[in-house]
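The values are calculated or read from the model by the stated rules, or taken from the named source; none is laboratory data. For clarity, every value in this text was computed on a predicted model and none was experimentally measured. Reconstructed Cβ throughout: ideal geometry from the backbone, glycine too, with neighbour counts over all protein chains shown. Heads up: the accessible areas ignore ligands, DNA and RNA and are worked out on the full protein's heavy atoms, side chains in. Shrake-Rupley method; radii C 1.70, N 1.55, O 1.52, S 1.80 Å.
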Amino acid sequence: MSKLIYIADDEKNIRHLIHSFLVKEGYQVEAFETGDKLYEAFRRTPCDLAILDIVMPGTSGLIICTKLREISNVPIIMLTARDTDEDYISGISLGSDDYFTKPFSPVKLTMRVKAMFRRIEMDLQKNNETVTYSDVTLNPDKLTAYCNNSELLLTGTEFSLLAYLFANQDRAVSREELLNKIWGYDRVIESRATDDTVKRLRRKLSQAGSSVSIDTVWGFGFRVGGTA
């Protein structure tokens, strides 16, 4: 069955453009003019990926992102007409997986969507045995994570990044490698995505009382720490 994608953008031409490119790739696509309508549809029938404009009539895309994260780990791509650090940091910190600034290339957006689905499929096809590092256990089959028997509510991107660090616990991993393996691209300008995702992981691990640490290797990347 083809993947179902929801789009919310108040600009009709942008909705139509994204819709047409994704449909050509074989995806099922439903487009909405507000984030509220997308959220209502998601409550009825969850999609496999959501694309949200930040500035829309009614509830903003950032708030819709937060509401989606309260009930689902669905991959989320944010769109905005403002290329500001505030928008970027807000979107990533609230749980979005990626970020595009208007005007953008629909071809590149489509490639990013395909990369996200490819990463998820690769995660599911890997060895389904649970992985334990210190007090954290990952279940690749269900994409769930537990710390001391309490579930860590991780997004798909957070899960993949933590699993990759666990798999490479004997070395430091560069930001560029993480971008390539987790997000499917390696543009240096997007390296903030790794930093902000790591910040979210650190916060969730800390709140769970985990002994796992994600240490920064200055000027390079990250290394997982703690008692293995």
Practice item. Tabulate in residue order the Karplus-calculated ³J(HN,Hα) for segment 213-218, using 6.51 cos²θ - 1.76 cosθ + 1.60 with θ = phi - 60°, rounded to whole Hz; enter x for Gly and Pro. Key: 10, 10, 8, 7, 9, 3
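Applying 1/(1 + (r/R0)^6) with R0 = 30 Å to the Cβ-Cβ distance of S150 and N13, what FRET efficiency is obtained, to the nearest 0.05?
Numbers: r = 46 Å, r/R0 = 1.54.
Given R0 = 30 Å and the Cβ-Cβ separation, E is 0.05.
For an R0 of 35 angstrom, estimate the FRET efficiency from the Cβ-Cβ distance between K142 and F104 and round to the nearest 0.05.
Numbers: r = 33 Å, r/R0 = 0.95.
Result of the calculation: an efficiency of 0.55.
Once a ≥ b ≥ c are taken as the square roots of the eigenvalues of the Cα gyration tensor of segment 1-71, is the result rounded (a/c under 1.5), prolate (a/b larger than b/c) or oblate (a/b not larger than b/c)?
On the way: a/c = 2.30, a/b = 1.24, b/c = 1.86.
Oblate shape, in that a/c is at least 1.5 and b/c is the bigger or equal ratio.
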Review point. Amide H to amide H, which residues 5 or more places from L152 or on other chains are under 5 Å from it, using H placed in the peptide plane?
Key: A145, Y146, C147
Check your understanding: On average, how much area does the Cα convex hull of the chain cover when viewed from any direction, in nm²?
Key -> 12.1
Revision key, fill the gap. Candidates G35, G209, G156; GNM for the chain (alpha-carbon contacts under 10 Å) flags as most fluctuating G209
Check your understanding: What accessible area per residue comes out for the chain, rounded to a whole number of Å², with a 1.4 Å probe?
Key -> 49
**Study point:** 5 angstrom amide H check on K3, placed H, neighbours 5+ away
**Key:** Q28
